[in-house]
Amino acid sequence: MAVTPADLQAFPQFTSLPDVLIQGWIDRAPQHIDQALFGDQADLATTYWTAHVLTATTGGAAAAGGPVASTTVGPVSTSYAVGAAAPTFADWSSSSWGRMLLQLATVRANSASLVL
């Protein structure tokens with residue numbers, strides 16, 4: 001099954017993005033997703049990668065993310081650690097999608113290296 005714009009538009013933060021924008025990034029994903037590493041989960045990796053790039057390139061259309069720098073309990077506040085420069089789409093910790101892609105890659109790499 002190939003990833004489509006509709007797969008990403010199923011998430012609220014991407015519903016207003018045009019198909020052509022989403023498809024453009026989906027088309028670039030194979031250059032960044034290692035088929036040998038992700039195997040049968042390459043579509044999931046493509047979805048995470050594309051969602052991460054869309055988050056980074058559309059001005060943070062998705063919720064803020066990254067390492068938490070501070071929290072306040074009343075009346076609730078959270079601050080994220082953000083560098084002085086704007087994050088690039090390669091800054092995987094800057095979105096929940098990037099962190100999920102890293103987690104998936106780590107799990108796949110670790111399971112591929114297991115000797116049974």
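From (1) surrounded by 15 or more Cβ atoms within 10 Å (Cβ to Cβ); (2) of a type outside the set (A, V, I, L, M); (3) modelled with pLDDT of 95 or more, pick out the condition that doesn't hold for G65.
(3)
Between a first residue in segment 6-25 that is under 12 Å from T55 (Cβ atoms) and a second residue that is not in a helix (DSSP H, G or I), which pairs have beta carbons less than 6 Å apart while being 6 or more apart in sequence or on different chains?
Sorted first by the residue in segment 6-25, then by its partner, the pairs are Q13/A61; Q13/A62.
Name the one entry in A85, A36 that is modelled with pLDDT under 95 and in a loop (DSSP other than H, G, I, E, B).
A85
The values are calculated or read from the model by the stated rules, or taken from the named source; none is laboratory data. As the structure is a prediction and not an experimental result, all values here were calculated from the model. Don't worry about glycine lacking a Cβ; one is built from the backbone with ideal geometry, like all the others, and counts go over all protein chains shown.
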